[in-house]
Amino acid sequence: MKITKLLAPLLLLAPLVAAAETGTVVKDNVCSSDNIIIETDSGWYVAAEWYGGPVLFEGLRVYGNMLTYGMVDLCDSSGNCGPYWIEDYESNIGAAFEELCD
């Protein structure tokens with residue numbers, strides 16, 4: 001019974017961990033703003049608009065639910081997180097630039 005009580009909270013967190021994508025910021029200050037492009041470890045280019053909190057810079061490893069649309073918290077490896085609007089995720093970096101700069 002005690003084991004079940006200890007494991008239940010961990011099982012509830014499992015979907016959150018599974019949804020997290022990791023990647024590297026490959027371009028910051030996109031279109032003269034704090035917007036960024038992230039190359040995910042699965043090969044997508046994520047166009048993300050900064051909405052406050054810590055600014056993520058080129059070269060930082062980041063994680064969060066990036067393969068979605070809308071507002072998400074993106075975090076760096078130090079645990080600094082901030083809200084970003086995921087505009088889109090694309091198969092090439094040029095298309096991600098177009099999403100942020102049009």
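The values are calculated or read from the model by the stated rules, or taken from the named source; none is laboratory data. Everything numeric in this text was worked out from a predicted model, so none of it was measured. Backbone-built Cβ (ideal geometry, glycine too); neighbour counts: all protein chains shown.
For a quick check of your reading of the model, give me the residue pairs whose first member lies in the stretch 40-53 and is surrounded by fewer than 18 Cβ atoms within 10 Å (Cβ to Cβ), whose second is β-branched (Val, Ile, Thr), with beta-carbon atoms closer than 6 Å and at least 6 apart or on different chains.
From the stretch 40-53, the pairs are ASP41/THR22.
Test of understanding: among GLY70, GLY64, which residue is free of Cβ contacts under 8 Å to residues at least 24 places away in the same chain and among the small types (Gly, Ala, Ser)? Steps first, answer last, please.
On the way: GLY64 fails: free of Cβ contacts under 8 Å to residues at least 24 places away in the same chain.
Exactly one of GLY70, GLY64 is free of Cβ contacts under 8 Å to residues at least 24 places away in the same chain and among the small types (Gly, Ala, Ser), namely GLY70.
Of the numbered conditions (1) of a type in the set (Asp, Glu); (2) in contact (Cβ under 8 Å) with a residue 12 or more places away in the chain; (3) more than 13 Å from GLU21 (Cα to Cα), ASP102 fails exactly one; give the number of that condition.
With respect to (1) of a type in the set (Asp, Glu); (2) in contact (Cβ under 8 Å) with a residue 12 or more places away in the chain; (3) more than 13 Å from GLU21 (Cα to Cα), ASP102 is out only on (2).
Given the criterion over 14 Å from SER33 (Cβ atoms) and of a type in the set (Asp, Glu), identify the matching residue among ASP102, ASP88.
ASP88
Being modelled with pLDDT of 90 or more and among the small types (Gly, Ala, Ser) is the filter; apply it to the stretch 48-77 and report the residue that is nearest to ASN29 (Cα to Cα). Don't jump to the end; show me each part of the working.
Taking the stretch 48-77 first, the residues modelled with pLDDT of 90 or more are 48-51, 56-76.
Still in the list and also among the small types (Gly, Ala, Ser): 48, 59, 64, 70.
Working: ALA48: 11, GLY59: 13, GLY64: 20, GLY70: 20 Å.
So, considering only residues that are modelled with pLDDT of 90 or more and among the small types (Gly, Ala, Ser), the one nearest to ASN29 (Cα to Cα) is ALA48.
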